[in-house]
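The values are calculated or read from the model by the stated rules, or taken from the named source; none is laboratory data. On a predicted model such as this, the values are computed, not experimentally measured, just so you know. As a convention, Cβ positions derive from the backbone with ideal geometry for all residues, glycine included, and neighbour counts pool all protein chains shown.
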Amino acid sequence: MEFVILGLLILKNQTVYELNKAFQQGVALFYSASYGSLQTALKKLVQQGDIYFEEHVDRGRNKKIYVISDKGKEAFYVWMGSEISTSRLESTALAKVFFLGLVESVADRRAILIQIITQIEKVETELQHMDEGLQNIQVPAPYAEILTYQIKTLDYGIRSHSFAKEWFKTLLAELPSDTL
């Protein structure tokens, strides 16, 4: 969540209310956050020096406006180029695509997308091997129907990763050619 907040703050300085609204109106499609978890993440980012806040009085009320620091910008761009854990592949990959326009270099955008595709292919292969292993498994009759639906769930995972891989490959192909 911290890196999504950093990305949102690169776009513009925001209050916790505005950040919460940004999560609800766009980021929530791939990353959910409660108001409390958002406040906790902001506190952590302030303590780390990745962000700071400025206090302003608006209509008699104090408002904290969060601002990203140079250290926070650096952390964000390092995260954008870092390898994605397969345990949070979908949400992290989509978060990186959401902020891909902040990456100026087409070569860096390309590298990010290639890294995502590589991780998707890795998980897809693992799921396919798991599926192959389950195809010939013998289970007692009372469990056969249970296994059938467990295999169907695995099939869903394989198909969703296959779709994701093709979607990211299309996105990669849409990038402008490197100019020499």
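Points to keep in mind about this one:
- The listed residue being part of a helix (DSSP H, G or I), crowded, with 17+ Cβ neighbours inside 10 Å and aliphatic (A, V, I, L, M), out of Ala111, Ala93: Ala93
- Thr153, sole failed condition from (1) of a type outside the set (Asp, Glu); (2) in contact (Cβ under 8 Å) with a residue 40 or more places away in the chain; (3) under 20 Å from Ser91 (Cβ atoms): (2)
- Within segment 121-173, the set of residues being among the charged types (D, E, K, R) and under 20 Å from the mean Cα position of the chain (by Cα) comprises Glu121, Lys122, Glu124, Arg159, Lys165, Glu166, Lys169.
- Residue that is at pLDDT below 90 and β-branched (Val, Ile, Thr), where the choices are Ile146, Ile114, Ile158: Ile146
- Remark: pairs (first residue in segment 26-41, modelled with pLDDT under 80; second residue exposed (fewer than 12 other Cβ atoms within 10 Å of the Cβ); Cβ separation under 6 Å; 6+ apart in sequence or on different chains) are absent.
- Test set (1) touching a His at 6+ places or on another chain (Cβ under 8 Å); (2) touching a residue at least 40 places away in the same chain (Cβ under 8 Å) - Ile116 fails condition number: (1)
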